[in-house]
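The values are calculated or read from the model by the stated rules, or taken from the named source; none is laboratory data. Everything numeric in this text was worked out from a predicted model, so none of it was measured. For neighbour counting, all protein chains shown are included, and Cβ atoms are generated from backbone atoms with ideal geometry for every residue, glycine included. In case anyone asks, the SASA skips ligands and DNA or RNA and just uses the protein heavy atoms, side chains included. Shrake-Rupley method; radii C 1.70, N 1.55, O 1.52, S 1.80 Å.
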Amino acid sequence: MIVIFLGPPGAGKGTQAKHIVERYGIPQLSTGDMLRAAVKAETAIGLKAKAVMDAGNLVSDEIVAAIVEERIEAEDCAEGFLLDGFPRTVRQAEMLGGILAKKGREIDVVIELQVDEGALIERLRTRIQETKARGETPRADDNEETFAKRLGVYRDETAPLIPFYADQGKLRSIDGMAPVKTVSSEIEAILDPISTTK
Ligand code: ADP
């Protein structure tokens with residue numbers, strides 16, 4: 001089962017991803033997490049990506065596509081995986097289609113979490129406060145200025161994936177403003193039937 005999560009920063013993809021990982025036993029592939037790990041490990045990619053990420057811009061399509069292509073070769077992706085934060089541009093979506101086709105695989109479904117932008121900035125403020133309350137340092141790109149930039153990038157670069165996947169008949173949109181449990185149930189209603197046929 002190959003699932004893509006689509007939605008603006010702060011839509012709740014990470015929260016729901018955890019639930020999917022537990023329920024269906026497929027790994028979550030977050031390009032944001034993978035890039036942050038590369039930054040931390042100071043790999044060649046990490047060194048290149050850091051400034052771009054801190055500014056709220058997108059890392060190059062080639063870099064993220066290569067990271068994903070390598071990751072999905074791993075044993076734990078044999079039964080499927082959840083993509084979170086990738087693809088983020090139409091070009092990445094086309095590259096992903098090519099990568100999967102080479103392996104004789106295809107996307108089952110794209111789940112879009114719909115949220116209104118006003119609520120996102122509130123969620124961000126809460127997330128920053130909670131992080132600080134735990135004595136941790138918020139992510140370098142989790143501040144209001146960079147967040148606004150990330151939202152703009154989402155609108156311009158990533159939102160075009162909505163009609164892109166709708167045209168392929170793969171898009172399912174759900175209300176990301178509903179309580180966490182409600183959102184999880186709606187996701188189950190989409191994924192349960194797919195997982196039983198796999
Ligand atoms: P968000 O919380 O905004 O969904 P992520 O953790 O997914 O953020 O990603 C953080 C940053 O990592 C992005 O702003 C971008 O710089 C980089 N990044 C993550 N995924 C991609 C991608 N598919 N293409 C380009 N850049 C990416």
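Summary of computed values
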item	result
Filter result (basic (K, R), open to solvent by 40 Å² or more (accessible area, probe 1.4 Å) and either in a helix (DSSP H, G or I) or within 16 Å of G7 (Cα to Cα) (or both)) within region 170-198	R172, K181
Filtered residues of region 134-169 (kept if open to solvent by less than 30 Å² (accessible area, probe 1.4 Å) and aliphatic (A, V, I, L, M))	L151, V153, A159, L161
Qualifying residue in region 33-42 (condition: part of a helix (DSSP H, G or I), near the ligand (Cβ under 8 Å from one of its atoms) and of a type in the set (D, E))	yes
Residue in region 51-66 that is within 30 Å of T196 (Cα to Cα) and free of Cβ contacts under 8 Å to residues at least 60 places away in the same chain present	yes
Cβ-Cβ under 7 Å pairs, at least 6 apart or on other chains, region 167-186 side in contact (Cβ under 8 Å) with a residue 40 or more places away in the chain, far side among the polar types (S, T, N, Q) and buried (at least 16 other Cβ atoms within 10 Å of the Cβ)	V183/Q16; S184/Q16
Hits in region 1-17 (condition: within 11 Å of the ligand (Cβ to nearest atom) and part of a helix (DSSP H, G or I))	K13, G14, A17
Hits in region 42-98 (condition: at pLDDT 95 or above and among the basic types (K, R))	K50, R71, R88, R91
Unmet criterion (only one of (1) open to solvent by less than 40 Å² (accessible area, probe 1.4 Å); (2) under 19 Å from the mean Cα position of the chain (by Cα)) for T131	(2)
Total residues in region 52-82, condition more than 10 Å from the ligand (Cβ to nearest atom), charged (D, E, K, R) and more than 16 Å from M95 (Cα to Cα)	3
Pairs where the first residue, in region 135-151, is among the polar types (S, T, N, Q) and the second is within 12 Å of the ligand (Cβ to nearest atom) and assigned to a loop (DSSP other than H, G, I, E, B), C-beta under 9 Å, 6+ apart	T146/A55; T146/G56; T146/A140
Any chance F86 is aromatic (F, W, Y), in contact (Cβ under 8 Å) with a residue 24 or more places away in the chain and within 13 Å of the ligand (Cβ to nearest atom)	yes
